[in-house]
Amino acid sequence: MKKEFLFILLICFAVQRLLTAQITDPKATEVWEPEPRVVTPGIGTAPPSDAIILFNGKNTSEWTHEDGSPIKWEVADGSMTVVKGTGGIFTKKAFGDVQLHVEWHSPAEVKGEGQGRGNSGIFLQNRYEVQVLDNYNNRTYSNGQAGSIYKQSIPLVNACRPPGEWQTYDILFTAPRFNADGIRIAPGYVTVLQNGVVVQNHTEIKGTTEYIGLPKNEAHGKAPLQLQDHGDKVSYRNIWIREL
Ligand code: MG
């Protein structure tokens, strides 16, 4: 019995030596296939070569209102601005996992307070809101301020610029996964940089971002992006997206 044990130990030792010997060669750990395709980066916040341009300052053809009609938001001076009561706008295309760049500003003329100042929102897959709000010297509940995942996740910091100034959101989104029975088998995740500052770092999405009540997790596939009409004149420009 003791002999057998020693023999096995010897074999293990030999195998370990063999494996160790293999990885002393640097080439053994080089991976050459597949080769990443080439993407030409944009200059500054300009879209990279493989991005889908959702809004270039003029053309709104990628967007509709919920009923499918052309958008009634005001397009002027290279941006589009919420027109109160016209409703949110939706991309015609549906998306899953994405990298998204959006620029926005709240009205330069400060009106209202709390949730009533420069409120809009970016709804990933038409369900998960990254809050857009003027929180420059404007307090509201922390899990509802700019950069929050609405009523789910407080932003790490308040990186707001003053009202009227353009701000950027760079968003990385991994969509939740559902199985064939409609059960969520993996949550969604979101990372948000506001003006280059991380405000959400791989945050788990608990479900739909509800104004009242708990998050819901009904199964869904790819879905449009929505920009919210919350009644405030929030403007948007330079919106582009990359499917991941
Ligand atoms: Mg909102």
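Which of the three applies to region 133-229, rounded, prolate or oblate, going by the alpha-carbon gyration tensor with a ≥ b ≥ c and a/c under 1.5 meaning rounded?
On the way: a/c = 2.24, a/b = 1.91, b/c = 1.18.
Prolate, because a/c is 1.5 or more and a/b exceeds b/c.
How much area per residue is accessible in the chain when the probe is 1.4 Å and only protein heavy atoms are counted (Å²)? Write down the numbers at each step before the final one.
Values: 14020 Å² over 244 residues.
Dividing the accessible area of the chain by its residue count gives 57 Å².
Students often check this: by mean Cβ neighbours within 10 Å, which of 43-54, 87-98 ranks highest, and how do the rest follow? Walk me through the intermediate numbers first.
Values: 43-54: 13.4, 87-98: 17.7.
Going from most to least packed, we get 87-98, 43-54.
Using packing as a proxy for protection, rank 122-130, 235-243, 110-118 so that the peptide with the highest average count of other Cβ atoms within 10 Å comes first. Show your work: numbers first, answer last.
Numbers: 122-130: 22.2, 235-243: 20.7, 110-118: 16.6.
Packing proxy ranking, top to bottom: 122-130, 235-243, 110-118.
Probe radius 1.4 Å, ligands and nucleic acids ignored: give me the carbon and sulfur share of the accessible area of region 51-243 as a rounded percent.
On the way: 4330 of 8780 Å².
Percent of accessible area from carbon and sulfur atoms in region 51-243: 49.
On each of the three principal axes of the Cα atoms of the chain, give max minus min coordinate, whole Å, ordered largest first.
The Cα atoms of the chain stretch 86, 42, 39 Å along the principal axes, largest first.
Please give the solvent-accessible surface of Thr24 in Å², to the nearest 10, using a probe radius of 1.4 Å with every protein chain present.
Only protein atoms counted, so the area is about 100 Å².
Hey, what number do you get for the chain at 222 nm if only DSSP H runs of n ≥ 4 count, each worth -39500 (n - 2.57), divided across all residues, to the nearest 500? Provide the component values of the computation, followed by the final result.
Values: 1 runs with 21 residues, N = 244.
Roughly -3000 deg cm²/dmol at 222 nm, from the helical runs in the chain.
To the nearest 0.05, how large is the calculated FRET efficiency for Val83 and Leu214 if R₀ is 25 Å and r is the Cβ-Cβ distance?
Working: r = 32 Å, r/R0 = 1.28.
Computed FRET efficiency for Val83 and Leu214 comes out at 0.20.
Checking the cross-link filter: which aspartates and glutamates have an alpha carbon closer than 15 Å to that of Lys222, excluding same-chain neighbours under 8 positions apart?
In chain and number order, the partners are Asp97, Glu243.
With a 1.4 Å probe and every protein chain left in place, tell me how much accessible area Thr40 has, in Å² to the nearest 10.
Counting only protein heavy atoms, Thr40 exposes about 90 Å² to solvent.
Using DSSP to define loop residues, name the trypsin sites (Lys or Arg not before Pro) in region 165-236 whose beta-carbon has at most 14 other beta-carbon atoms within 10 Å.
Working: sites: Arg177, Arg184, Lys206, Lys216, Lys222, Lys233; in loops: Lys206, Lys216, Lys222, Lys233.
Sites meeting the loop and neighbour criteria: Lys216, Lys222.
Loop only per DSSP, at most 10 neighbouring Cβ atoms within 10 Å: give me the GluC sites (Glu not before Pro) in region 179-230, ordered by residue number. Present the calculation step by step, with values, prior to reporting the outcome.
Details: sites: Glu204, Glu210, Glu218; in loops: Glu210, Glu218.
When the GluC sites (Glu not before Pro) of region 179-230 are filtered for loop state and at most 10 Cβ neighbours within 10 Å, Glu218 remain.
Just to check I understand the Karplus step: with θ = phi - 60° and J = 6.51 cos²θ - 1.76 cosθ + 1.60, what whole-Hz values come out for region 151-159, glycine and proline as x?
Here the 3J(HN,Hα) series is 6, 10, 9, 5, x, 5, 8, 9, 10 Hz.
The values are calculated or read from the model by the stated rules, or taken from the named source; none is laboratory data. Computed from a predicted structure; not experimentally measured. Positions of Cβ are generated from backbone atoms using ideal geometry, with glycine treated the same way; all protein chains shown enter the neighbour counts. Accessible surface areas use protein heavy atoms only, side chains included; no ligands, DNA or RNA. Shrake-Rupley method; radii C 1.70, N 1.55, O 1.52, S 1.80 Å.
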